[in-house]
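Q: Starting off with a structure, shown below.
The values are calculated or read from the model by the stated rules, or taken from the named source; none is laboratory data. Predicted model, so just to flag it, every value in this text is computed and none were measured. Here Cβ is always computed from backbone atoms with ideal geometry, including for glycine, and neighbour counts include all displayed protein chains. Surface accessibility is based on the protein's heavy atoms, side chains included, excluding ligands, DNA and RNA. Shrake-Rupley method; radii C 1.70, N 1.55, O 1.52, S 1.80 Å.
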Amino acid sequence: MKDFAGRTAVITGGGSGFGREFARIAASLDMNIVLADVQQDALDAVVAELQAAGARVLALKVDVSKGDQVEALAAATDATFGATHLLFNNAGVGSGGLIWETSVRDWEWVLGVNVWGVIHGLRAFVPRMLAAADSDAAYRGHIVNTASMAGLLNAPNMGVYNVSKHAVVSMTETLYQDLTLVEAPIGSSVLCPYFVPTGIGDSHRNAPGDITAEAATPSTKAQQLMSAKAVGSGKVTAADVGTLVFEAIRDDRFYVFSHPHALGNVETRMKDIVGMHNPSDPFAARPDVRSRLRASIADFAAQVAGSASV
Ligand SMILES: NC(=O)c1ccc[n+]([C@@H]2O[C@H](COP(=O)([O-])OP(=O)(O)OC[C@H]3O[C@@H](n4cnc5c(N)ncnc54)[C@H](O)[C@@H]3O)[C@@H](O)[C@H]2O)c1
């Protein structure tokens with residue numbers, strides 16, 4: 001997709017982080033912008049910023065894990081701007097902990113947003129984009145799904161997130177094959193960021209009310225602490241990632257990496273698979289990460305034991 005002015009971009013998770021940067025770039029390219037987010041105040045702030053800059057914006061409070069809400073988003077987009085050209089299935093949340101300690105509610109929440117959110121986005125929008133292409137030979141579209149390096153690696157204590165992002169990589173690679181199969185003029189890309197400072201480390205701000213901090217286990221708490229630190233200390237910015245993604249859309253490139261130097265870990269994983277070796281440590285270059293994680297889980301466990309004995 002090379003022409004953006006006057007076309008329409010739909011962005012889920014548009015109230016913060018990468019989604020907000022996609023919206024800023026889309027506005028600078030004179031696109032119509034549709035923002036969806038579950039957090040109303042974040043959405044309002046981005047709408048105010050974009051409208052002050054003269055952008056045409058439709059914003060809807062949407063929980064992407066709910067199919068009827070995503071369908072309503074697609075219908076509202078049609079009614080307001082007509083065809084969708086650029087779709088960002090980007091909303092996502094982070095959580096972790098030892099895989100056997102992750103609660104059923106945590107699995108449901110993370111898979112609901114990160115996996116079902118993308119499924120609903122594809123089911124609601126792709127048929128409409130194909131119909132737009134059928135009725136206009138000049139139509140060009142592109143779909144960007146936000147996965148993660150966690151969709152290509154399996155670091156310890158991050159099971160629920162790893163599983164969700166592997167699913168997004170799989171869905172997007174399949175989407176690419178399916179769009180090619182039907183010869184659609186619609187490109188696709190999968191964004192796999194490493195640690196980039198955004199609101200992801202504070203994802204629980206949008207967790208359903210029955211997922212409480214009190215229910216967290218030592219491993220869950222340790223993961224939240226580690227992730228918040230890793231994300232907060234990232235040097236590549238969300239704006240940098242936004243620029244990379246729009247370059248990929250223009251150049252019709254599928255894989256988008258914020259930290260290509262981290263791909264050595266992916267190569268090692270692939271070599272383990274084809275060589276039938278047991279899985280290597282994905283943080284092999286940083287053995288301190290594993291030992292700090294182990295110590296942090298032990299610290300939180302000691303705190304729990306201490307408070308139980310008081
Ligand atoms: N920042 C990183 O280091 C990093 C790394 C890898 C992948 N990612 C992925 O990037 C994507 C964007 O996250 P971000 O880093 O910009 O974090 P962020 O928290 O700044 O933005 C995520 C947005 O999604 C929204 N959201 C959460 N649940 C939602 C729901 N149910 N329905 C609709 N919107 C919802 C949030 O309100 C927020 O505005 C996510 O898919 C995340 O998993 C981030």
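Q: Kindly provide the helix-only [θ] at 222 nm of the chain, computed as the sum of -39,500 (n - 2.57) over DSSP H runs of four or more divided by all residues, to the nearest 500 deg cm²/dmol?
A: Dividing the helical sum by the residues of the chain leaves -16500 deg cm²/dmol.
Q: Relative contact order (percent) for segment 29-68, with alpha-carbon contacts under 8 angstrom and 6 or more residues of separation?
A: Relative CO of segment 29-68 lands at 52 percent.
Q: Residues with beta-carbon under 13 Å from that of Ala301, excluding Ala301: net charge, scoring Lys, Arg +1 and Asp, Glu -1?
A: Local net charge: 0.
Q: Further, regarding this structure: Quick one: Cα convex hull volume of segment 37-194, Å³ per residue?
A: Convex hull volume per residue, Cα atoms: 123 Å³.
Q: Would you mind computing, in nm to one decimal, how far apart the modelled labels at Ser233 and Ala137 are, each placed 7 Å from Cα along Cα→Cβ?
A: My value for the distance between the label points is 5.8 nm.
Q: Next question, about the same structure. For the residue pair Thr212 and His261, what label-to-label distance in nm results when each label sits 7 Å from Cα along the Cα-to-beta-carbon direction?
A: Reported label-point gap for Thr212 and His261 is 4.5 nm.
Q: Rounded to the nearest 0.05, what FRET efficiency do Ala308 and Asp202 give with R0 = 22 Å and r taken as the Cβ-Cβ distance? Could you check?
A: 0.20
Q: Output the relative contact order of segment 1-144, whole-number percent, from Cα pairs under 8 angstrom with separation of 6+ residues.
A: With pairs under 8 Å counted, the relative contact order is 25 percent.
Q: May I have the extent of the alpha carbons of segment 42-109 along their three principal axes, as whole Å values ordered from largest to smallest?
A: So the three principal-axis extents are 49, 25, 18 Å.
Q: Place the peptides 93-100, 12-19 in order of packing, highest mean first, counting for every residue the other Cβ atoms within 10 Å and averaging per peptide.
A: 12-19, 93-100
Q: Tell me the relative contact order for the chain as a rounded percent, counting alpha carbon contacts under 8 Å between residues six or more apart.
A: That works out to 18 percent.
Q: How many angstrom separate the Cα center of segment 188-229 from the Cα center of segment 261-310?
A: Centre-to-centre (Cα) distance: 17 Å.
Q: Right, another one. What does the charge count near Asn206 come to, summing +1 for each Lys or Arg and -1 for each Asp or Glu among other residues with Cβ under 12 Å from its Cβ?
A: Surrounding charge for Asn206 is -2.
Q: List residues of segment 182-212, by number, whose backbone nitrogen lies under 12 Å from a label position 7 Å along Cα→C-beta of Arg105.
A: It comes to 207-212, nothing else.
Q: Shifting gears a bit: Ignoring ligands, DNA and RNA, how do Tyr139, Tyr161, Tyr255 rank by accessible area with a 1.4 Å probe, largest first?
A: So the residues, ranked largest to smallest area, are Tyr255, Tyr161, Tyr139.
Q: Measuring with a 1.4 Å probe in the full set of protein chains, what accessible area per residue, in whole Å², belongs to segment 15-71?
A: 42 Å²
Q: Between Leu29 and Asp178, what length comes free when the chain is fully extended (0.36 nm per residue of separation minus the Cα-Cα distance, one decimal in nm)?
A: This chain segment gains 50.8 nm when fully extended.
Q: Here's a follow-up. Two decimals, Cα atoms only, Kirkwood Rh: what is Rg/Rh over the chain?
A: We get a ratio of 0.99 for the chain.
Q: Quick check for the chain: number of Lys pairs with alpha-carbon distance under 23 Å, counting only pairs 8 or more apart or on different chains?
A: So the count of such lysine pairs works out to 6.
Q: Calculate one ³J(HN,Hα) per residue across segment 24-34 by plugging θ = phi - 60° into the Karplus curve 6.51 cos²θ - 1.76 cosθ + 1.60, and present them in order as whole Hz with x for glycine and proline.
A: 4, 5, 4, 5, 5, 9, 6, 8, 6, 10, 10
Q: Once phi is turned into ³J(HN,Hα) by the Karplus curve 6.51 cos²θ - 1.76 cosθ + 1.60 with θ = phi - 60°, what whole-Hz value does each residue of segment 166-181 show in order, with x for glycine and proline?
A: Karplus-based 3J(HN,Hα) across segment 166-181 equals 4, 5, 5, 4, 4, 4, 6, 4, 5, 4, 4, 5, 5, 5, 5, 4 Hz.
Q: Could you let me know the centre-to-centre spacing of segment 91-152 and segment 55-79, using Cα atoms, in angstrom?
A: 14 Å
Q: Which net charge results when you count Lys and Arg as +1 and Asp and Glu as -1 among the other residues whose beta-carbon is under 15 Å from that of Leu60?
A: Result for the neighbourhood of Leu60: -4.
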